[in-house]
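Quick note: the coordinates plus some simple rules give every number you see, no bench work behind them. Everything numeric here is computed off the predicted structure, so don't read it as measured data. For neighbour counting, all protein chains shown are included, and Cβ atoms are generated from backbone atoms with ideal geometry for every residue, glycine included.
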Amino acid sequence: MDYSKILSEKAQVLKPSGIRKFFDLLNEMTDVVALTVGQPDFVTPWHIREAGIESLEDGKTYYTSNSGLISMREEISKYLDRRFGLTYDPKTELVVTVGGSEAIDIAVRACLNPGDEVIIPQPSFVCYGPLVSMADGVPVYIETKEKDNFKLTAEELKAAISPKTKLLVLPFPNNPTGAVMNREDLEKIAEVLRGTDIMVLSDEIYAEMTYGEKKTNTASGHVSIASLPGMRERTIIVNGFSKAYAMTGWRMGYTAAPEPVTKQMLKLHQYGIMCAPTTSQYAAVEALKNGDPDIEEMTAEYDRRRRFIVDGLRALGIPTFEPEGAFYVFPNVGVFGLSSEEFCEKLLYDYGVAIVPGTAFGDCGEGFARISYAYSVKHITEALERMGKFVEDLKKGKYKE
Amino acid sequence: MDQILQLLEKDCRLTADQIAAQLGRKPAEVAAEIARYEKEGVILGYTALIDWDKTDREYVSAVIELKVSPSRDRGFDKIAERIYQYPEVQAVQLMSSSGYDLMLIIEGKTMKEVAYFVANKLATLDSVISTATHFVLKKYKDMGVIYGAKNTDERDQAYYGLQ
């Protein structure tokens, strides 16, 4: 059979990640210190795991309502208010999803008509573009720059808007750069959008991981664009439990959006998923009720590692933008004259350290690399020592032809 | 709680430089603070946590419950200070239990050796009323560390774009 003639053309033209070969090799190598993963090294706190286990012991193995357990939505509603000062009706404005990923998918599909344009700042998480394409939308990329601290600027946004613009993806705190948008930054973006028909998909999965001096009046330190005047009505918030509570494998996320938007998203969720996993929902309810101290503890640990790794990279002479969110640093490895992929390949093959080339997050990631600090300080120390040798050899001209 | 102490309690081999980097402080400042803690007796020592079962050392430990009569002026301090002089005694703590007063941890080569020590040295002390010995058969967790924990990172380290 000639599958290329049978299968969806839209699916076939989606590009698989271009660095697959590189990382397949990593899996075969021994003695590699990897700083590649995008998930916490913490195990889900025990009381949360226990709540999941207890729900199974009690035989709670049924479907929940399509939009999720009402107790879960009520707790999400309280959480959004407590941590970010946001008000959402648990009955009509929340959908519990299978991770943040499904939330992004239904948000995109609920908004787009064929040919609609979606503005996506890059470098960023890789799923937005492909999901937009599958929904017959057109991704329009904006390059965020190191000189702007990798923030989205109002000028660049204005320049990217066309009559076909339907949606702006706002992925902050950002994977992979660690950039955050504070209230003043967001106000400038809001000013561009007010009075238009452009919606915002605000991916706030890293909202609990912001560091440095808190200049906000929210308990979490994160500001959601939906909390700005006139923005709630045009914003779909995507959030989840993976990063904040170290619950990646539970696949728990949600959307928060005005009722008319939620209605459409809920239909897509009903037909595609039915409901998010019940066991995970019971665990997530416990996380929301009693998990604030866990967030604080884990975030404090990430913050110490963040300072440690930024300090270490700068000491090696690698220019490193100060990340204020998520758990990544995005150093400028381009200063040594190699491309991102060359730098990462040589570092892996010859020095046994794995990091992700910035180009994995969009072409504009060229010159940078993503380093995760969801690892112990001991592990990071070993990686920095090996990178030190690499940088020394680079300075001696080892890789100059 | 002081973050320096928290970090050192978890890993006392961290250098002042490493701690300073994590806390965003100056190395000299951190070093001075650690020196002050040592001088004031807040930090009493730095020890290694060893799983002796994995070595060829002959080793047993036991928890001893001790019922004692307190002395008139000095309460339990006098007898506790007498007992902690023995090198076999690893720990002495005054407990709130109604059944006994002091809890000791004793180390020795064999169960017999420990039992002899309790019978000959502790039980014979004037203020000791009774003893109860509980041998440790297996350690699962100590000082917050799980014994024999698999030290492997099971997260998929390869990056295919979706994390």
task: Mind jotting down the distance between the C-alpha centroids of the stretch A:290-311 and the stretch A:134-183, whole Å?
output: 27 Å
field: Spacing of the two label points (7 Å from each Cα toward its C-beta) at B:A91 and A:Y399, in nm
entry: 5.1 nm
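Arranged by the count of other C-beta atoms within 10 angstrom, fewest first, what order do A:V238, A:V43 take?
Working: A:V238 27, A:V43 10.
Going from least to most buried by this count: A:V43, A:V238.
Please state the relative contact order of the stretch A:218-333 as a whole percent: Cα pairs under 8 Å, 6+ residues apart?
15 percent
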- request: Compute the Cα gyration tensor for the protein assembly as shown, then decide on rounded, prolate or oblate, letting a ≥ b ≥ c be the square roots of its eigenvalues: rounded whenever a/c is under 1.5, prolate when a/b is larger than b/c in the other cases, and oblate in all that remain.
  value: prolate
- prompt: Using a Gaussian network model of chain A with C-alpha springs under 10 Å, which one of A:N66, A:N27, A:N175 is most mobile by mean-square fluctuation?
  reply: A:N27
- prompt: Taking neighbour Cβ counts within 10 Å as the exposure measure, how do A:V333, B:V128 sort from fewest upward?
  reply: B:V128, A:V333
query: For A:373-379, what's the mean count of beta carbons from other chains sitting within 10 Å of each residue's beta carbon?
result: 3
query: Can you list the residues, at least 5 places off or on another chain, whose amide H is less than 5 Å from the amide H of A:V353, using H built in the peptide plane?
result: A:V33, A:L348
- request: Return one number: the angle in degrees, 0 to 90 and rounded to the nearest 10, between the long axis of the Cα atoms of helix A:183-193 and the longest principal axis of the Cα atoms of chain A.
  value: 60 degrees
- prompt: Build a GNM of chain A with springs between Cα atoms under 10 Å: which of A:D303, A:D31, A:D197 gets the top mean-square fluctuation?
  reply: A:D31
message: Shape verdict for the stretch A:309-401, please, from the Cα gyration tensor: rounded (a/c under 1.5), prolate (a/b greater than b/c) or oblate.
response: oblate
- line: Note to self, chain A gives a 222 nm [θ] from helices alone (DSSP H runs n ≥ 4, -39500 (n - 2.57) apiece, / all residues, nearest 500) of -12500 deg cm²/dmol
- prompt: Any idea what the relative contact order of chain A is, in percent, if you count C-alpha pairs under 8 Å spaced at least 6 apart?
  reply: 23 percent
- line: From the Cα centre of the stretch A:81-117 to that of the stretch A:1-73, the distance in Å is 19 Å
field: Filtered GluC sites (Glu not before Pro), the stretch A:177-234: DSSP coil and at most 15 other beta carbons within 10 Å
entry: A:E213
message: Using amide H atoms built in the peptide plane, which far-off residues or other-chain residues are under 5 Å from A:V140 H to H?
response: A:V118, A:I119, A:I120
query: Does the stretch A:194-313 classify as rounded, prolate or oblate by the C-alpha gyration tensor (a ≥ b ≥ c root eigenvalues; a/c under 1.5 gives rounded; else a/b over b/c gives prolate, otherwise oblate)?
result: oblate
statement: Checking rank on B:40-51, B:64-75, A:118-129, with mean other Cβ inside 10 Å and highest first, the result is A:118-129, B:64-75, B:40-51
- line: From the Cα centre of the stretch B:12-90 to that of the stretch B:96-163, the distance in Å is 15 Å
statement: The pairs in A:K145/A:K166; B:K10/B:K78; B:K67/B:K138; B:K10/B:K54; A:K243/A:K378 lying past 31 Å Cα-Cα in this model are B:K10/B:K78
query: Which of these, A:G317, A:G334, A:G291, has the largest mean-square fluctuation under a Gaussian network model of chain A (Cα springs below 10 Å)?
result: A:G317
- prompt: Which loop-located GluC sites (Glu not before Pro) does the stretch B:79-163 contain, where loop means any DSSP state but H, G, I, E or B and the Cβ has at most 12 other Cβ atoms within 10 Å?
  reply: B:E154
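Can you tell me the dipole magnitude for the protein assembly as shown around its Cα centre, using point charges on the Cβ only (Lys, Arg +1; Asp, Glu -1), in Debye to the nearest 20?
80 debye
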- prompt: What residues have an amide H closer than 5 Å to that of A:T235, excluding those fewer than 5 places away on the same chain, when H is modeled at 1.01 Å from N in the peptide plane?
  reply: A:V200
message: If I take every Cα pair under 8 Å that is 6 or more residues apart in chain B, average their sequence separation and divide by the length, what percent do I get for the relative contact order?
response: 20 percent
task: Quick one: what are the phi-derived ³J(HN,Hα) couplings along the stretch A:159-168, Karplus 6.51/-1.76/1.60 with θ = phi - 60°, whole Hz, x for glycine and proline?
output: 5, 8, 6, 10, x, 8, 5, 10, 9, 10
Reachable aspartates and glutamates, given that their alpha-carbon falls under 15 Å from the alpha-carbon of B:K141 and they are not under 8 places away in the same chain: B:D51, B:D53
